[in-house]
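Have a look at the structure below before the remarks.
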Amino acid sequence: MQTFKVGPDYIDPLFHRAISGRPCRNLDVILTSPDYVSACVGYHSQGMDAVLIEGVMGLFDGRGGSHEGSTAHIAQLLQAPILLVLDVQKQAASVAAVVYGFCHYNPSLEIAGVVLNRVASDRHRQLLEAALAPLGVPILGVLYRDQALALPSRHLGLVPPQESREFQALGDRLAHLGNTCFDWERLTPLLAPAPPPPDPPFNVSPLTQVTIGIAQDAAFHFYYADTLDLLRALGATLIPVSPLRDTHLPTDLQGLILGGGFPEVFAPELAANHSFLGSLRQAIQGGLALYAECGGLMYLSQGIETFEGHYYPLVGYWPTVAHMGKKLTLGYRQATALQTTVCVQAGETVQGHEFHYSCLSVPPARPLWQLAGEPEGWGNSRIHASYLHLHWGGHPQWAIRFLQQAARAG
Ligand SMILES: NC(=O)CC[C@H](N)C(=O)O
């Protein structure tokens, strides 16, 4: 099965990956484009027996209160049938009004069925079934309320699967529910992939042979699968690197990507890994091409002050401290680069996404750009570091610049 996730989220795709065994791909028309999204689904659905796209928020919730980038937008673009998952725990007859509303709000969408989630009892189920019967919308799944199935959440969403013992313990239970709670006879045809257009989402040829480290461990793992594919398609060899566990940065790297994640959760371990920090400082001095986003940017700062108020010194490259704040900064941002970096050119306007609780104590003296009206980010011909997450798949020029710069550095 190939899975996809609507929107810019990095955490839900990890659950899909853990279950399907294949990278889950983000479908985001704002960070990429409608053509990119269609090609991505077509290309990665080839040869699959089933395709599942998880939506984001409510069906019609898109950028800034519009429908742009919403699950409905993606469903319309792909002509995909929709399965409405409803939390029915506090409803009986009202469920019919909710389903009626979703079906009629935009009649060009195909609501193929509903899944009733958190049903309290058999009696509750009968009430819901009776309420929905006149609408003729099939009930394709029924899940009973079960506290033992709840997954733990924290800041930024669910606790990622690799950190969640609860999730790991649920494997067999979830498989059993999957087998027993759904009407597979009617669901299976809905999951069939549409005939794919054969074009890949990006069409690039190998550029140069470079070795790039990708920070990949429990502290850093916010990457779009397509970004990694694009780098490989351009000829990069990607070496997973762990600032948590590795004693040194590999010496043969020409570039390093430090993605987002949870450095604040692992700050004690990251700060205690002196030999890794030392080798990274040395590699940066030596001219390594470096791209850091959000959690990666925090790691490059003087240190992190955690939610609990503990301070842990880190790489110390930027003259600023990352404090965990009380407010979530979240949303799409448009930014115009004021500096040429290892990734973007001065004057270039990008669409990205911000998703963090931390904030920096000191803004950059020569900012990379303005984010939501504030000076933000650092960059020069060897480095790019910002809170802004970018989807390189939809913009191969960013990956090309990074690899070219890394090749020069090597
Ligand atoms: N998007 C990210 O990389 C998040 C970084 C960090 N966990 C924060 O909340 O600030």
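Summary of values
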quantity: Unit Cα scatterers, Debye sum, segment 2-191: log10 I(q)/I(0) for q = 0.11 Å⁻¹; calculated: -0.53
quantity: 154, 165, 118, ranked by accessible area, largest first (probe 1.4 Å); calculated: 165, 118, 154
quantity: Per residue value of the accessible surface for segment 257-298 (all protein chains in place, 1.4 Å probe), Å²; calculated: 27
quantity: By accessible area with a 1.4 Å probe, ligands and nucleic acids excluded, highest first: order of 5, 327; calculated: 327, 5
quantity: 6, 98, 85, ranked by accessible area, largest first (probe 1.4 Å); calculated: 85, 98, 6
quantity: Approximate spin-label separation residue 330-residue 150, in nm, with each point projected 7 Å along Cα-to-Cβ; calculated: 1.9
quantity: Among 266-272, 133-139, the order from most to least packed when residues are scored by Cβ within 10 Å on average; calculated: 266-272, 133-139
quantity: Cross-link reach list, aspartates and glutamates versus residue 5, counting only Cα pairs under 14 Å and skipping chain neighbours closer than eight places; calculated: 28, 54, 226
quantity: Volume in Å³ per residue [convex hull over Cα atoms, computed for segment 260-336]; calculated: 108
quantity: Tail fraction, Cα-Cα pairs, the chain, threshold 26 Å, whole percent; calculated: 58
quantity: Segment 210-409: proportion of alpha-carbon pairs further apart than 27 angstrom, %; calculated: 21
quantity: Segment 319-410 - Rg and Dmax from Cα coordinates, angstrom; calculated: 13.4, 42
quantity: Carbon and sulfur %, accessible surface of the chain computed with the full protein complex present, 1.4 Å; calculated: 53
quantity: Per residue, in Å², the accessible surface of segment 2-191 once ligands and nucleic acids are set aside, probe 1.4 Å; calculated: 50
quantity: Amide N proximity, segment 317-349 versus residue 61 label position 7 Å along Cα-to-Cβ, cut-off under 13 Å; calculated: 331
quantity: Per-selection Kirkwood Rh - segment 125-167 (Cα, Å, 1 d.p.); calculated: 13.4
quantity: Where Rh is the Kirkwood radius over Cα pairs, Rg/Rh for segment 38-125; calculated: 1.02
quantity: Under Karplus coefficients 6.51, -1.76 and 1.60, residue-wise ³J(HN,Hα) of segment 394-402 in Hz, glycine/proline x; calculated: x, 9, x, 4, 5, 5, 4, 4, 4
quantity: Share of alpha-carbon pairs per 5 Å distance bin for segment 149-306, given as whole %; calculated: 2, 7, 13, 15, 14, 12, 12, 10, 7, 5, 2, 0, 0
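The values are calculated or read from the model by the stated rules, or taken from the named source; none is laboratory data. Please read these numbers as outputs of a predicted model, since none were measured by experiment. Ideal geometry is used to build each Cβ from the backbone, glycine not excepted, and the neighbour counts take in all protein chains shown. Areas reflect the complete protein model, heavy atoms only, side chains present, ligands, DNA and RNA absent. Shrake-Rupley method; radii C 1.70, N 1.55, O 1.52, S 1.80 Å.
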